[in-house]
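The values are calculated or read from the model by the stated rules, or taken from the named source; none is laboratory data. Every value quoted in this text rests on a predicted model; they were computed, and no experiment measured them. Backbone-built Cβ (ideal geometry, glycine too); neighbour counts: all protein chains shown. Note: accessible area is taken over every heavy atom of the protein model, side chains too, but ligands, DNA and RNA are not part of it. Shrake-Rupley method; radii C 1.70, N 1.55, O 1.52, S 1.80 Å.
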Amino acid sequence: MAGTAIWVRWGSIGGLVPALTLGAILLCSLRRPRATVSGLTLLALALGLLRASADSAAQPPNIATFGEGIELRVVGRIVRLPDSDNRRPLTLEIQSAVPRDSADLNGEAATLPKVGGRLHVYSFSRAYSVGQTLQATGTLRLYDRAPTDPKRFPIGRLDRPLVEAKSGPDAGAQGLLGQLRRRLADAIAKALPEPHSALLSAILLGIRSEIPRQLLNEMNAAGLTHLIAISGYNITLLAIVIRRAAGVLLGRRSVLAVMVILPLYAVLVGGDPPVVRATIMAELVLLGWILGRESHLLTTLLLTAAAMTLIEPEIIGHASFQLSFVATLGLVVLAPRIAGALHVLPRIVGEALAVTVAAQILVSPLLAAHFGRLSLLGVPANVMATPISPWVMATGAVVTLWSLAGLPGLELVAWTVWTPLEYLIWLSRAGGNISISEIRFSTVPDWAVVVSYAAIAWAVWFSSRRIVRESARALRLRPWAVRSAAAIALFVPASAATVGDLVPAPTEFNLVILLNGASPTVYGRTEAGGNFVVAGASHDRSAMDDLFPFHDPTIDLLVLRDIEPDTISMTAPIAGRREIDEIWAAPLDVPIEIALAEDMGRLTIDQDAAIYILQTPGRPQDPALRIVTPGLSILIPPRGEPPLDPPSSWRSNVLLLPARHNPGFTAPTFLKRIGIETVLAGNGPGGAPVVVRARTIGDRAAIEPPSAQGEPDAAVAFTWNGEIYTVDFLD
């Protein structure tokens, strides 16, 4: 391992292998125990260097060698399908590639030069399957920041691709398990709102791409990111459940069932290094149990790490492998010592605190080195979160299978996992929003990491001395006081977070607005608790579910102003997750499945809020919409150009403009005529939404300079409390 690490970090060091080999021979020739051990250590370093160099020479060139902007024809295997909200495109594991302008190779993959790496192919079609081989032709665009592991993370994308299927889906275990993974993820999405469903998919299936960026940042700041990574804890809990369930029928042979299922689960969740490490360790422990031998965890860990680096030497340079290894090392070496010092605490609290502290101590130097951040709340946040993890996994598995089987009563059963997930989300947001929750570093040199681990090793050795242990025992604490404080720290915040979503929120008019595309999408909740949706060109499941509470899943009104393919297509995911009381659609070529309301003028949401359908002069099939609540009105203009003489019924406080709109809607005369105070538009710098006061537009048609700016395609949160309205960006 050490030799492999030297190669991965510094590359070839001339003459080092012969020097190490010669030194090993000389030391072993002395025929002394310590000299022999030192000689074998040097020999292991030399062999590690040789293995890493041989693996590096055998690797195909990375796809990045073709350069930015080149037209490529690539052949690859699908490893990930687009998500349901079209936020992430198709992902290919590249097998071969050739420039498009080269000689015609008839599209045969065998004749294309072999190339490694993964690539995003900008296609959102879900007509393909995981494991299927595709040929795609398009423009290569490399991402600014290269991934730490180009074998697992895409290094760029293929723009404007022409995609052709070369083979059907893989019928092997990996292809079948990939399809099962997607079906399980869809079952979770059907049972739970966002971000709860994304969080459960990450915990059970290792699918992290659906988690909202804001929540992921908050979990990073609170030190809770490891909860959404499949790790040894998940593998251990799964092994226990399978062992006990199969033990009813198989008795002692149930261990064999565990040994078969664990590798399949590792493939199901993606086969990341932490999962592979945990699975190999579990298999070795179970094998020892079958042979009647007690496993030594430290030896098992070292043997597992050596086997993984022997098979794939480059893995030792990946952050996920390093963090998984040192975290497990902390649990093996540090956790028992810390638990012994916390004997005055209740056992479950002492063990949770010992495990958390041990893991945080060991991973902190690597987190600072790889990600430039160090969470200050990692220990208390993890102590409060660790007891909830088994509850999440157990109830989450039940809810997932219940939803997959289509059994009745899913809404009631889903509460059992929604409650602990809501607590974890609350804990992440509470910790992540504290200004001093983390320390950030620009760079952390290698010597600082080495010194940190040397200091930890010295502290472990020093704490093992007899005089230190006796001094620790002399410290007397009253058990009842410690246990009371632990109970308050754990259960009071958990209870408060669990019921927090059920407490009525202050009476406000809340909107979440998507401005990307040709037509805005609006999710709204009125002061009286009415839910409504104005369907536009895009859909954000997370934004909708975050606004509409879990205990009120019904959408009172869905408005389809534009009968366009993108608008119609977004109704299916909405209807699949929410009950819809009423649908209003423009009287064009409407599919039979959509029922039209008779009232074409005023659509009532509740006793105070309504949506008015405003006809555009000369264009009866291109209406405007006006969302009205006491003291506030919001205008969604028609898709075409603005009328020369807008009717007085268009007068509103706020104007919503999508990214693709006619510049005439920002003309000062038009804004003044209909009384607009504020413009929310989606055509800011880089495609980001902007908020502009109407009086700052002046004589310019373009909306700049913006007074506020979000990330590209960010959702805009709009809140009206009866006196003032506020605007914020959710991403």
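Given a cut-off of 26 Å, what percent of all Cα-Cα pairs of region 282-400 lie beyond it? More than 26 Å apart: 35 percent of the Cα pairs in region 282-400.
Amide H contacts for Ala585 (H built 1.01 Å from N in the peptide plane; partners 5 or more residues away or on another chain; cut-off under 5 Å): Leu560, Ala597. With the cut-off at 1.5 for a/c, could you classify region 185-242 from its C-alpha gyration tensor as rounded, prolate or oblate? Oblate, since a/c reaches 1.5 and b/c is not below a/b.
Please give the length that would be gained between Thr41 and Leu256 if that part of the chain were fully extended, namely 0.36 nm times their separation in residues minus their C-alpha to C-alpha distance (nm, one decimal).
So the extension gain works out to 73.8 nm.
For Val115, the residues whose modelled amide H falls within less than 5 Å of its own, excluding neighbours fewer than 5 places apart on the same chain, are Ser96, Ala97. Counting 0.36 nm for each residue step from Asp606 to Arg88 and taking away their Cα separation leaves a gain of 182.8 nm. Over region 618-661, the pair-distance histogram of Cα-Cα distances with 5 Å bins from zero comes to 5, 19, 33, 25, 13, 5 percent, rounded to whole numbers.
Listed values for region 350-356 are Karplus-derived 3J(HN,Hα) couplings in whole Hz (6.51 cos²θ - 1.76 cosθ + 1.60, θ = phi - 60°), namely x, 5, 4, 5, 5, 4, 5, and x replaces Gly and Pro.
Phi-derived couplings, Karplus 6.51 cos²θ - 1.76 cosθ + 1.60 at θ = phi - 60°, listed residue by residue for region 21-27: 5, 5, x, 5, 5, 5, 5 Hz, with x used for Gly and Pro. Peptides 509-516, 545-552 ordered by packing proxy, namely the average of other Cβ atoms within 10 Å per residue, highest first: 509-516, 545-552. Radius of gyration over Kirkwood radius for region 249-309, both on Cα atoms: the Rg/Rh ratio is 1.00. Loop-located GluC sites (Glu not before Pro) in region 264-315 (DSSP state not H, G, I, E or B) with no more than 11 neighbouring Cβ atoms inside 10 Å: Glu294. Under 5 Å between amide hydrogens, built in the peptide plane, is the criterion, and for Gly156 it picks out His120, Tyr143 among residues at least 5 positions away or on other chains. Here His196 sits with roughly 10 square angstrom of accessible surface, probe radius 1.4 Å. When you count the other C-beta atoms within 10 angstrom of each residue and take the mean per peptide, 719-727, 375-383, 446-454, 205-213 line up highest first as 375-383, 205-213, 719-727, 446-454.
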